[in-house]
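Undergrad: First the structure, then my questions, so here it is.
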Amino acid sequence: MALILLLALACGAAVGNVYFPQVVGPAVAADLNVAPEVAARVVTATQFGYAAGIVLLVPLSDRVPHRRLIVGLLVLTGLGLLAAGSAPTLEALLVAGVFVGVTTVVAPIIGPMAAGLVSEDRRGLISGMLLSGALGGMLLSRAFGGALAQWLGWRAPYLVAAALVLTMALLLYRALPATVPPSTQRYPALLAEPLRLLRTEPELRRSCLYQATVFAGFSAVWTGVTLLLTGPDYGLGASAAGVLALVNAATMLCTPIAGRQVDRRGPDTVNLVCLIGVIASAPVLALGALGGTPGLAGLAAGTLLLDIAMQSGMVANQVRVYGLRPEARGRLTTAYMACAYVGGGAGSWLGAAAYGQAGWAGVCALVALLATVSLVRHLMRGYGRRDGTRRTGRLRSGEAIPRPPA
C-alpha cells in the first residue's frame, strides 16, 4: 500500500504540470512584456504536448520496463521544467512547455502498471486511489502555483515543480519493482495498435464512448460557467471559476469509494449510477441562472455532483479497459485517453456554442443530452450479440471478454 500511495503522489506531481500554467499567465505576460492572450499560449502548448505524449509515449509502457520508462520520463520532465523556469523569452517558454507536456505522461503509464501489480478484486480501489492523486495534483497545482507566482514571480512554480518531479524520480527509482514488458513489437506497430484495438474490442469502444460524452459535458460546463460568472448575471472576476473548482476537492475522497464499489459490484453497475448522476446534475446546475447566493449554491452543488459522477465513472471505465488484454494495457489506455481528450475538446467548443445560442440553460441541456446518449447505449449493452440473444450477467474486473467464434 505504501507503494500505491507513492504512485498516487507521482500521478499528482505529473498531472499538476499540465494545470499550474493556467494560473501563471498574467505574471508571464507582465514579466516578458507580452499581451495576456499571447502568454496564454503556454497553456495551449503544454496541453498539446500532453496529448501528443499520450499518443506517442504511453504505448511504450507495453514495450519498455516500467521503472526505466517512468523514472526516465520524470527526469526529462524535471529538466523541461528547469528550462521553462529559466526561459528568457516567450518562444523559449513555449518550446519548454511542449516538452514538459510530452514527457509528463507518467500517470496513464502508472495506472496500467499498478493494475498488473494487484489482484483483480482490488483494481477498482487502486485505480480510485491513483485518480485521487491525479485530482489532487490538478487542484493543488493551480492553488499553489498561483500563490507562488504572486509572491515570487512566475518562474517559481516551474522551479518548485522541477524539484518535486526530480525527487519523485529518485524515490520511484528505489521503490518500483522490476517488471517484464509484455510486448516485443516495434515502435511503429505499437503506435498503430490503439486504432486496431478500437476496431476489434467492443468493450473498449463502449468505455471510450462513456468517458468521451461525460468528459465533453464536464468541459462544456467549465467553459460555460466561466462565461456565466464573468457575465452580467454575476459580474465576478475570472478567478471566481477557480474558487468554485476548489469545492470539487471532495471528489478526491470519493474516487477510492467508487473503486471499492467497482470491485464489489462490477464496472457496469457503477457506470449506470454515474450516468444517472451526470444527468441529475443538469437541473441542479441550471439553478445557476438565478444569480446571487441561490445561483452560486446551485453551481457549487451541481459541479460537485457532476465531478463526482464523471470521475467515479472513469474508475469503472478504466477497470473495464484494464481487464481486456493484460499484455496490451498501455495501448488500451492510449486509445481510451485519446478518445476522452477528443471528447473534452469537443465539449469545450460545444459548451461555448451552446452558451452563445441559448445561454446557461443551453449548456445544462447539452450536459444532459450527452450523458443520455451513453445511458441509452449502456441500457442496450445486452443486445449486442450477433446471435440476437440478450447477454445476461455483468463483466467483472479482469473477466475475459467473450469473443465471437471464428
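Conditions (1) of a type in the set (A, V, I, L, M, F, W, C); (2) modelled with pLDDT of 90 or more, marked per residue:
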{"position": "Val180", "(1), (2)": "yes, no"}
{"position": "Ala216", "(1), (2)": "yes, yes"}
{"position": "Trp222", "(1), (2)": "yes, no"}
{"position": "Ser239", "(1), (2)": "no, no"}
{"position": "Leu244", "(1), (2)": "yes, no"}
{"position": "Pro267", "(1), (2)": "no, yes"}
{"position": "Val278", "(1), (2)": "yes, yes"}
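Undergrad: Surrounded by 15 or more Cβ atoms within 10 Å (Cβ to Cβ) and either touching a His at 6+ places or on another chain (Cβ under 8 Å) or in the same structural domain as Ala335 (by TED's automatic domain parsing) (or both): is that true of Leu197 in this structure?
TA: yes
Undergrad: If I filter the range 8-23 for residues that are closer than 25 Å to Thr179 by Cβ and over 16 Å from the mean Cα position of the chain (by Cα), do I get at least one hit? Don't jump to the end; show me each part of the working.
TA: Within the range 8-23, the first condition is being closer than 25 Å to Thr179 by Cβ, and the residues that meet it are 8-15, 17.
Still in the running and over 16 Å from the mean Cα position of the chain (by Cα): none.
Within the range 8-23, none of the residues are closer than 25 Å to Thr179 by Cβ and over 16 Å from the mean Cα position of the chain (by Cα).
Undergrad: Now a separate question. Go through Gly295, Gly288 for me and flag whichever is in the same structural domain as Val214 (by TED's automatic domain parsing), surrounded by fewer than 24 Cβ atoms within 10 Å (Cβ to Cβ) and in contact (Cβ under 8 Å) with a residue 40 or more places away in the chain.
TA: Gly295
Undergrad: Please verify whether Ser141 is farther than 22 Å from Pro21 by Cα, surrounded by 23 or more Cβ atoms within 10 Å (Cβ to Cβ), touching a helix residue (DSSP H, G or I) at 6+ places or on another chain (Cβ under 9 Å) and of a type outside the set (Lys, Arg), treating the condition exactly as stated.
TA: When the stated conditions are applied, Ser141 does not pass them.
Undergrad: If you don't mind, there's one more thing I want to ask. Being assigned to a helix (DSSP H, G or I), hydroxyl-bearing (Ser, Thr, Tyr), surrounded by 17 or more Cβ atoms within 10 Å (Cβ to Cβ) and more than 18 Å from the chain's Cα centre (by Cα) is the requirement here; does Thr77 meet it? Give the steps one after another, and end with the answer.
TA: On the way: assigned to a helix (DSSP H, G or I): yes; hydroxyl-bearing (Ser, Thr, Tyr): yes; surrounded by 17 or more Cβ atoms within 10 Å (Cβ to Cβ): yes; more than 18 Å from the chain's Cα centre (by Cα): yes.
Here the answer is yes, as Thr77 does meet what is asked.
Undergrad: Would you confirm, using the coordinates I've provided, whether Ala92 is free of Cβ contacts under 8 Å to residues at least 24 places away in the same chain and crowded, with 21+ Cβ neighbours inside 10 Å?
TA: Details: free of Cβ contacts under 8 Å to residues at least 24 places away in the same chain: yes; crowded, with 21+ Cβ neighbours inside 10 Å: no.
Spelling it out, it is not the case that Ala92 is free of Cβ contacts under 8 Å to residues at least 24 places away in the same chain and crowded, with 21+ Cβ neighbours inside 10 Å.
Undergrad: Can you pull out every residue in the range 200-217 that is without any contact (Cβ under 8 Å) to a residue 12 or more places away in the chain and touching a His at 6+ places or on another chain (Cβ under 9 Å)?
TA: First pass over the range 200-217, keeping only residues without any contact (Cβ under 8 Å) to a residue 12 or more places away in the chain: 200, 205.
Once the filter is applied, which keeps residues that are without any contact (Cβ under 8 Å) to a residue 12 or more places away in the chain and touching a His at 6+ places or on another chain (Cβ under 9 Å), the range 200-217 yields nothing.
Undergrad: Also, I was wondering about something else. The conditions are (1) more than 28 Å from Thr226 (Cα to Cα); (2) more than 18 Å from the chain's Cα centre (by Cα); (3) among the small types (Gly, Ala, Ser), and Ser281 fails exactly one of them. Which is it?
TA: In the conditions (1) more than 28 Å from Thr226 (Cα to Cα); (2) more than 18 Å from the chain's Cα centre (by Cα); (3) among the small types (Gly, Ala, Ser), Ser281 misses (1) alone.
Undergrad: Pull up the range 19-51, narrow it to residues that are among the small types (Gly, Ala, Ser) and part of a helix (DSSP H, G or I), then point me to the one that is surrounded by the most Cβ atoms within 10 Å (Cβ to Cβ).
TA: Filtering the range 19-51 for residues among the small types (Gly, Ala, Ser) gives 25, 27, 29-30, 35, 39-40, 45, 49, 51.
Keeping just the survivors that are part of a helix (DSSP H, G or I) gives 25, 27, 29-30, 39, 45, 49, 51.
Details: Gly25: 20, Ala27: 21, Ala29: 19, Ala30: 13, Ala39: 23, Ala45: 20, Gly49: 26, Ala51: 19.
By that ranking, first place goes to Gly49.
Undergrad: Restricting the search to the range 167-188, which residues are assigned to a helix (DSSP H, G or I), among the aliphatic types (A, V, I, L, M), surrounded by fewer than 18 Cβ atoms within 10 Å (Cβ to Cβ) and touching a residue at least 60 places away in the same chain (Cβ under 8 Å)?
TA: Leu171, Ala175
Undergrad: What is the one condition in (1) over 23 Å from Glu203 (Cβ atoms); (2) touching a His at 6+ places or on another chain (Cβ under 9 Å) that Leu275 does not satisfy?
TA: So the condition that Leu275 fails would be (1).
Undergrad: Let me ask another. Looking only at the range 299-309, decide whether some residue is hydrophobic (A, V, I, L, M, F, W, C), surrounded by 22 or more Cβ atoms within 10 Å (Cβ to Cβ) and more than 14 Å from Ala371 (Cβ to Cβ).
TA: Yes, the range 299-309 contains a residue that is hydrophobic (A, V, I, L, M, F, W, C), surrounded by 22 or more Cβ atoms within 10 Å (Cβ to Cβ) and more than 14 Å from Ala371 (Cβ to Cβ).
Undergrad: Right, another one. Consider Tyr336 carefully, then state whether it is in a helix (DSSP H, G or I), under 16 Å from the mean Cα position of the chain (by Cα) and at pLDDT 90 or above.
TA: Judged against the criteria, Tyr336 is a match.
Undergrad: Would you confirm whether or not the range 52-63 contains a residue that is part of a helix (DSSP H, G or I), more than 21 Å from Leu159 (Cβ to Cβ), of a type in the set (Lys, Arg) and touching a residue at least 40 places away in the same chain (Cβ under 8 Å)?
TA: Among the residues of the range 52-63, not one is part of a helix (DSSP H, G or I), more than 21 Å from Leu159 (Cβ to Cβ), of a type in the set (Lys, Arg) and touching a residue at least 40 places away in the same chain (Cβ under 8 Å), which makes the answer no.
The values are calculated or read from the model by the stated rules, or taken from the named source; none is laboratory data. Because the structure is predicted, anything quoted here is derived from the model rather than measured. Heads up, the Cβs are rebuilt from the backbone with ideal geometry, glycines too, and the neighbour counts pull from every protein chain shown.
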